[in-house]
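Values in this text are rule-based calculations from the coordinates and carry no lab data. It should be emphasised that the depicted structure is a prediction, and the values quoted were computed from it without experimental measurement. As a convention, Cβ positions derive from the backbone with ideal geometry for all residues, glycine included, and neighbour counts pool all protein chains shown.
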Amino acid sequence: MIRGLHGLFYSSDADATRAFLRDALKLPFTDVGGGWLIFDLPEADVGVHPVDESGKPPPNTHDVSFYCDDIHGTVADLQSRGVQFKAEPADRGYGFVTYFTMPGGIEVQLYEPKYQKTTPKKPAAAKKPAAKPAAAKKAAAKKPAKPAAKKPAPKAKPKKAKR
C-alpha cells in the first residue's frame, strides 16, 4: 500500500539547499548521516498536468510546489527569514501562486489552493514516548511490581500541659 510521496530536488549546491529547507522553511527532518537530511512533510498531494499545444513542458518533467493555508501570511513569514519571491501572489484559478528560488538553482511554487482537500487536516499531535525495544519490554514484564513505598507518619506535636 502506498503511504506517501518521497520527492527529490537535484541541486548544484545540495548542502545549501538542505540548510535552506531546514533553516528558512523550517521543515522537520531526520538526519540520516553523511550530511543527508530527509525532510518529513505532514501531507502531500499529486496533480497531473497535460503538456501544452507546443509540447511544453516536455513529458517526464516534474515540478514540486509547497502549499499553505494563508499565502500572504506565509510569504511574509518566509520573507522575514530571507526568502526572496519572484512576484506577488497571483490568482491562477486553482489557487493563489508565487515562486521563489532555493539555493542550488531550484525554483519552487508556493500556493494557497482554492479547492477543498479531501483528506481532513489532523490536529497537531503530542509526541509519543519512544517505544521500548522488545528485549526491554520482556525484561519489564518479568520483574514483579515494586510495592509503593510507605511514607512515615507525621510526628505529633507534644501538647502543652494545662495549669
Filter result (among the polar types (S, T, N, Q) and either surrounded by 11 or more Cβ atoms within 10 Å (Cβ to Cβ) or within 13 Å of the chain's Cα centre (by Cα) (or both)) within the range 1-48 | Ser11, Thr17, Thr30
The listed residue being among the charged types (D, E, K, R) and touching a Lys or Arg at 6+ places or on another chain (Cβ under 8 Å), out of Asp52, Asp31, Asp23 = Asp23
Residues being farther than 18 Å from Pro113 by Cβ, of a type outside the set (A, V, I, L, M, F, W, C) and in contact (Cβ under 8 Å) with a residue 40 or more places away in the chain: count how many of those fall in the range 63-95.
-> 2
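Out of all the residues in the range 71-123, which are under 24 Å from Arg18 (Cα atoms) and charged (D, E, K, R)?
Passing the criteria: Asp77, Arg81, Lys86, Glu107, Glu112.
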Pick from the range 65-122 the residues that are among the aromatic types (Phe, Trp, Tyr) and surrounded by fewer than 13 Cβ atoms within 10 Å (Cβ to Cβ): which of them is farthest from the chain's Cα centre (by Cα)?
-> Tyr94
Search the range 101-110 for residues being touching a helix residue (DSSP H, G or I) at 6+ places or on another chain (Cβ under 7 Å) and not in a loop (DSSP other than H, G, I, E, B), and hand back the single one that is farthest from Val64 (Cα to Cα).
-> Met102
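A quick yes/no check of all residues on (1) β-branched (Val, Ile, Thr); (2) in contact with a strand residue (DSSP E or B) (Cβ under 9 Å, 6 or more places away or on another chain):
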| residue | (1), (2) |
| --- | --- |
| Thr17 | yes, yes |
| Ala24 | no, yes |
| Leu27 | no, yes |
| Ala44 | no, no |
| Gly47 | no, yes |
| Pro57 | no, no |
| Asp69 | no, yes |
| Glu88 | no, yes |
Out of (1) farther than 21 Å from Ser11 by Cβ; (2) touching a residue at least 40 places away in the same chain (Cβ under 8 Å); (3) of a type in the set (Asp, Glu), the one Glu53 does not meet is (2)
Give, as residue ranges, the strands (runs of 3 or more DSSP E) completely inside the range 1-97 that count at least 1 residues that are on the phi > 0 side of the Ramachandran plot.
-> 29-33
